[in-house]
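Only one structure is covered here, and it is reproduced in the block below.
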Amino acid sequence: MIVLNKDGMLIQKEQDVVPFRNRVKEYAVKIGMSLVNQTKLITAASELVRNMLKYGGGGNTLIEVVSKGRENGIRLTFSDKGPGITDIQLAMKDGYSTGKSLGLGLPGAKRLVSEFDIKSIPGSGTTVTVIKWKNG
Ligand SMILES: Nc1ncnc2c1ncn2[C@@H]1O[C@H](COP(=O)(O)OP(=O)(O)OP(=O)(O)O)[C@@H](O)[C@H]1O
Ligand SMILES: [Mg+2]
């Protein structure tokens, strides 16, 4: 995997969400991602950034243009230094929420992207990385 371009944004408050979404969209448009895939990527990004704000107390994002073979894509990384997730398998289940919400953010985001990775250390923080390939 080759990183062609990278950008980052700190997310500390609700008002940081829209500028972040717009930035993701700009990069997706720049690589010529289809509108359907743009929408999927941005929907997943919104869920992950909201989790980071709600449960992680905010954090850092990384937006990268990546390439593998002849496929280009966008990789997004969300890292927070919040309480972390003790049972990731449970957190990934449809309907599981500790926030009295729908519990669809993580599993929904996973379904919308090409590659999904989540790592968490309880008491230390959470990092979620997703890739959406341009044609994937
Ligand atoms: N960054 C994070 N730090 C700590 N816990 C998290 C983080 N992201 C998710 N979680 C935990 O995983 C659970 C499931 O997350 P998910 O996004 O699927 O559902 P939700 O945020 O509770 O509801 P929804 O996203 O549907 O509004 C959360 O309720 C929370 O307990
Ligand atoms: Mg959520």
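Miscellaneous remarks
- Identity of the residue in the stretch 45-55, touching a strand residue (DSSP E or B) at 6+ places or on another chain (Cβ under 9 Å) and more than 9 Å from ligand 1 (Cβ to nearest atom), that ends up farthest from residue 30 (Cα to Cα): 49
- Considering (1) under 23 Å from residue 15 (Cβ atoms); (2) not in a loop (DSSP other than H, G, I, E, B), the lone condition that residue 101 does not fulfil carries the number (2).
- Restricting attention to the stretch 74-120, the residues being touching a Gly at 6+ places or on another chain (Cβ under 6 Å) and without any contact (Cβ under 8 Å) to a residue 40 or more places away in the chain number 5.
- Residue count for the stretch 48-70, restricted to those that are of a type in the set (D, E, K, R) and either part of a loop (DSSP other than H, G, I, E, B) or under 16 Å from residue 120 (Cβ atoms) (or both): 2.
- Residue list for the stretch 9-38, filter: farther than 25 Å from residue 102 by Cβ, within 16 Å of ligand 1 (Cβ to nearest atom) and assigned to a helix (DSSP H, G or I): none
- Residue 45, sole failed condition from (1) among the small types (Gly, Ala, Ser); (2) under 23 Å from residue 4 (Cα atoms); (3) more than 16 Å from ligand 2 (Cβ to nearest atom): (3)
- The listed residues are 76, 41, and the only one of them that is touching a strand residue (DSSP E or B) at 6+ places or on another chain (Cβ under 8 Å), modelled with pLDDT of 95 or more, assigned to a helix (DSSP H, G or I) and closer than 19 Å to residue 106 by Cβ turns out to be 41.
- In the stretch 56-78, the residues that are within 9 Å of ligand 1 (Cβ to nearest atom) and either within 14 Å of residue 13 (Cβ to Cβ) or surrounded by fewer than 18 Cβ atoms within 10 Å (Cβ to Cβ) (or both): 56, 57, 59
- Test: residue 120 is touching a strand residue (DSSP E or B) at 6+ places or on another chain (Cβ under 7 Å) and under 15 Å from residue 53 (Cβ atoms): no
- Members of the stretch 5-31 that are surrounded by fewer than 11 Cβ atoms within 10 Å (Cβ to Cβ) and in contact (Cβ under 8 Å) with a residue 40 or more places away in the chain: 13
The values are calculated or read from the model by the stated rules, or taken from the named source; none is laboratory data. These figures come from a predicted structure and were not determined experimentally. Cβ coordinates were reconstructed from backbone atoms using ideal geometry, including for glycine residues, and neighbour counts include every protein chain displayed.
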